[in-house]
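Trainee: Sharing a structure here in structure tokens format.
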Protein chains: 2
Amino acid sequence: MTELDLDEPPAVVTAGASLFAEALTAQAATPRDVQWAPPVPGTEDGLAAVAADPRTGPAAAASVRRLTTARPHWVDVVPAGQALGLGPRDFLHAGPPVSWADAAGPLRGALAGAMVYEGLAGDVAEAGRIAASGGVSLAPCHARGAVGPMAGVVSASMPVSVIEDDEYGGRAYCTLNEGLGKVLRYGAYSAEVIDRLRWLERALAPLLARMLHQRGPVDLGSLIAQALQMGDECHNRNRAATSLLLREITPALLETGAGTGEVAEAFRFISGNDHFFLNLAMPAGKAAADAARDIPGSPVVVAMARNGTEFGIQVSGTGDEWFTAPAPTVEGLFLPGFGPDDANPDIGDSTITETTGIGGFAMAAAPAIVRFVGGEPADAVRNTLQMYEITLAEHPVYQMPVLGFRGTPVGIDATLVVRTGVVPVVNTGIAGREPGVGQVGAGLVTPPMSVFADGVRALARRAAP
Amino acid sequence: MTELDLDEPPAVVTAGASLFAEALTAQAATPRDVQWAPPVPGTEDGLAAVAADPRTGPAAAASVRRLTTARPHWVDVVPAGQALGLGPRDFLHAGPPVSWADAAGPLRGALAGAMVYEGLAGDVAEAGRIAASGGVSLAPCHARGAVGPMAGVVSASMPVSVIEDDEYGGRAYCTLNEGLGKVLRYGAYSAEVIDRLRWLERALAPLLARMLHQRGPVDLGSLIAQALQMGDECHNRNRAATSLLLREITPALLETGAGTGEVAEAFRFISGNDHFFLNLAMPAGKAAADAARDIPGSPVVVAMARNGTEFGIQVSGTGDEWFTAPAPTVEGLFLPGFGPDDANPDIGDSTITETTGIGGFAMAAAPAIVRFVGGEPADAVRNTLQMYEITLAEHPVYQMPVLGFRGTPVGIDATLVVRTGVVPVVNTGIAGREPGVGQVGAGLVTPPMSVFADGVRALARRAAP
């Protein structure tokens, strides 16, 4: 408590209905409005039960401490079959569980493309028939310690990066980013897409693996922290992080014994795609979020993920249970020739970035991103500032110079989301609705409030009496 | 003109003596203070003559147009002797002209080191005796179309980058950045300094030249524009620009025919020094500023430069005349073990960055720089905003996302400096006062107002009647 400071003019703080603020403004006073709304209806009992559970505070603190002190490192690139125990008919996908029958266009496109890549089908039509008749097994990436951008499809032959958390010992996995344009993750499956997957498997992945064995682990937390000081938020803007990664790995690439032509090809591929680092930022986040999981009583969100049909979250105190709702549409900017009617609803595991205090939560650090996702630079700052209302900490390492080196908002408390009515801000790419189309835009998405309400009620059911 | 908008509360704008603003504040009104001060005493007649000269407006506009539309490209790396017509006893230095007798410690250290490097002396003591007896010829870099950071010494054997302006055809030159620690530009001259100069000459320069012949010119304006969106201001923060440069040149380096070991050595050297790009940002600025020179009647500043003894400027409408005053001291942060008593006064041609709308003028784009030069991120924004008061344009290509993609303030009008009392903000490294020491810190410097007043008076003497 501080004493009232009468050296400054008194200020009026308003909350709730805008009527009060408007009335004050009409009287030439300048109210300072704060976000406030009644809790989401039907969550009052749940919130009360969680608040009354003596485990809640310490469990939340433990989750946040682990989330913010994990130290993810890129240690290897290996085949997904080996790393994730995938058989030839096992396929992982982004988001909560979904069947082929319920899968959205871009997920179907990516699954069919991956089946062709794996030799299970001669073309995507045959792949679709096989999948529809139950010829493949589907599971979420998150169920195997992995994350995948957009459709997020992982099959046995695909190489995956291995991320190790030096602090708590966890591991996380993610495919290599395929680049821009027609790519599997956006649901495209043409011959060039399959050929590129083969090149990743046969050329780039072995070279990167040799490079990592040569130089040792790459500290991803350090790269993310630096990139946030260079205009990235490490979800939809990874230009600085990809640049810094190339500075980290190029000397070692040159010392693998590979020829200059092979290194030049790898360098050009990575440098040709500013999103290359996204597929490292995501598993870095997954490793950190998994360290914060399974703490009884903790209301901290440890996964937000979308499969193109549903948006789902997982909460530390409720284990592997998914809380889901229909995936929302994305508001944003469209590539030439596309519009909202071409857009699939929200898809991808890349919301692991927002779950771990970067991405939309760090947009203040990346004002130039508005040229990609829409809005004005001031909106980017506003989005970040609002996220402090639903998070429990300021990240000790991920700092934003423009906010005076304040740490990014991190550790989403599901009860704060429900109490304040403020949902996490997510920025994202937009996939075409039809299989085979690819990316059609990028923008911001508003997650469904009901998943947080469901999470709080589930936590309440497990609350200590 | 817009009509008075009575939908908003009336505001009071105050200027000049702070008494008025303070009185209003005491009455609970919130005045908006604007910078205003009477012109510098003794400049009233000069200002009037320049204002009355009908050439002034069009000439200023022409200077600024050329300054902001030049298109500097890095085209080659060649020996300075060949590019700049330097004989074995010719040495260039930063800033306005200076004799050995008047040269500051770091400039003497760098000149003596360069003489040893050129084989003119066996050690720095002998070099000093030769220089003191008139055995070498000194000239400013600016007199030969070159610029040099800190001491800025250029000798015949040193390789220089060649920058060509694709728009107006000018050329500018600068040495390769030597790296950090003990380096000639900060006045150090130990064996490691001389050895590194030889490696630059014999290994790095020929490789970079082959790379440029292989790939063609590197567009420096584009790299600067991108780096400003990634937290650089391209004077004391070049981390993004150096990263982007490596992305531009590495594939071509790999296709020069050089071996992987040689490329790795070059890559490590460049990547090991975030200031590598400074020695390209500077001649890019020099090429643009030279395009704006020699326009009769133009009050636009086309060079600001310091030799460690004097701070000097050149103005477009007054040709090659230097207006000088004693070099000021630098306020900033010191490296461990050093303090203000160890600091030489301001030195270097790197103020060509501020002359062309980057560096201190673009600090808003680079809030993290305050960790290097001191102050708070808000100061960085304030510095940039203040520079709009003394500049004639917003740069069409160099934009700052955090200010809503506003162009950087560019085109310093010497008459505006004198009218407003606002001098250009410059951020800079700090050299040790004694020869041989090297860098001791970094900070901000306040240029002497008298050089701008002298420039205005000289312009007035040439004014059309």
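Trainee: Set the Förster radius R0 to 41 Å, insert the Cβ-Cβ distance between A:Arg371 and A:Ala37 as r into 1/(1 + (r/R0)^6), and round the FRET efficiency to 0.05.
Mentor: Result of the calculation: an efficiency of 0.80.
Trainee: To continue, here is another question. How large are Rg and Dmax for the stretch A:73-281 when only the alpha carbon atoms are used, in Å?
Mentor: Over the stretch A:73-281's Cα set, Rg and Dmax evaluate to 16.8, 50 Å.
Trainee: In nm, one decimal, shortest first: how far is the label point of B:Gly337 (7 Å from Cα along Cα to beta carbon) from the matching points in the other copies?
Mentor: So the label point of B:Gly337 gives 6.2 nm to the other copies.
Trainee: Report, for A:Gly87, each distance to the same residue's label point in the other copies, shortest first and in nm; define the point 7 Å along Cα→Cβ.
Mentor: 8.7
Trainee: If you average 1/r over all unlike Cα pairs in the stretch A:225-362 and invert the result, what Kirkwood radius do you get in angstrom?
Mentor: Radius from the Kirkwood sum: 17.1 Å.
Trainee: Also: I need the P(r) histogram for the stretch B:236-276: all alpha carbon pairs, bin width 10 Å from 0 out to the longest distance, whole percents.
Mentor: The calculated distribution, bin by bin, is 31, 51, 17, 1.
Trainee: Okay, moving on. Between the stretch B:32-95 and the stretch A:351-422, how many Å separate their Cα centres?
Mentor: 43 Å
Trainee: Leaving out same-chain residues fewer than 8 places away, which aspartates and glutamates sit with a Cα under 12 Å from that of A:Lys182?
Mentor: Output for A:Lys182: A:Glu192, A:Asp195.
Trainee: Next question. Under a point spin-label approximation (7 Å from Cα along Cα-to-Cβ), what is the A:Phe405-A:Glu255 distance to one decimal in nm?
Mentor: Calculated label separation equals 3.2 nm.
Trainee: Let's see if you can work this out: charge +1 on each Lys and Arg Cβ, -1 on each Asp and Glu Cβ, no other charges. What is the dipole magnitude of the protein assembly as shown about its Cα centre, in debye to the nearest 20?
Mentor: 1560 debye
Trainee: Still on this structure, I have one more. Measuring from a point 7 Å past the Cα of B:Asp102 along Cα-to-C-beta, which residues in the stretch B:282-314 have an amide N at less than 20 Å?
Mentor: B:303-314
Trainee: Per Stokes-Einstein, at 10 °C and 1.306 mPa s, what whole-number D in µm² s⁻¹ belongs to the stretch A:156-247, with the Kirkwood radius over Cα pairs as the hydrodynamic radius?
Mentor: Rounded to a whole number, D works out at 107 µm²/s.
Trainee: Further question on the same structure: Could I have the simple spin-label model distance between A:Gln82 and A:Leu180, label points 7 Å from Cα toward Cβ, reported in nm to one decimal?
Mentor: 3.3 nm
Trainee: If you build the convex hull over the alpha carbons only and average its shadow over all orientations, what do you get for the stretch A:287-382? Give it in nm² to one decimal.
Mentor: Reported value for the Cα convex hull: 7.2 nm².
Trainee: Now a separate question. Any idea what the A:Phe372 label distances to the other copies are, label 7 Å down the Cα→Cβ vector, nm, shortest first?
Mentor: So the distances to the same position in the other copies read 2.4 nm.
Trainee: Describe numerically, in nm with one decimal, the distance between label points set 7 Å from Cα along Cα→Cβ at A:Leu333 and at A:Glu44.
Mentor: Each label point lies 7 Å from its Cα, and together they span 4.5 nm.
Trainee: Return P(r) of the stretch B:259-335 (all Cα-Cα pairs; 10 Å bins starting at 0; whole %; ordered from short to long distances).
Mentor: Binned Cα distances yield the sequence 16, 28, 29, 17, 9, 1.
Trainee: In addition: If you split all Cα-Cα distances of chain A into 20 Å bins from zero, what percentages do you get per bin, shortest first?
Mentor: Pair shares across the bins are 25, 57, 16, 2.
Trainee: What are the semi-axes of the equivalent ellipsoid of the protein assembly as shown, taken as the square roots of 5 times the eigenvalues of the Cα gyration tensor, listed largest first and rounded to whole Å?
Mentor: The three semi-axes for the protein assembly as shown are 52, 37, 24 Å.
Just so you know, all these numbers are worked out from the coordinates, no wet-lab data involved. All figures in this text were calculated on a predicted structure; none of them were measured in a lab. In this analysis, Cβ positions are derived from the backbone assuming ideal geometry, glycine residues included, and neighbour counts consider all displayed protein chains.
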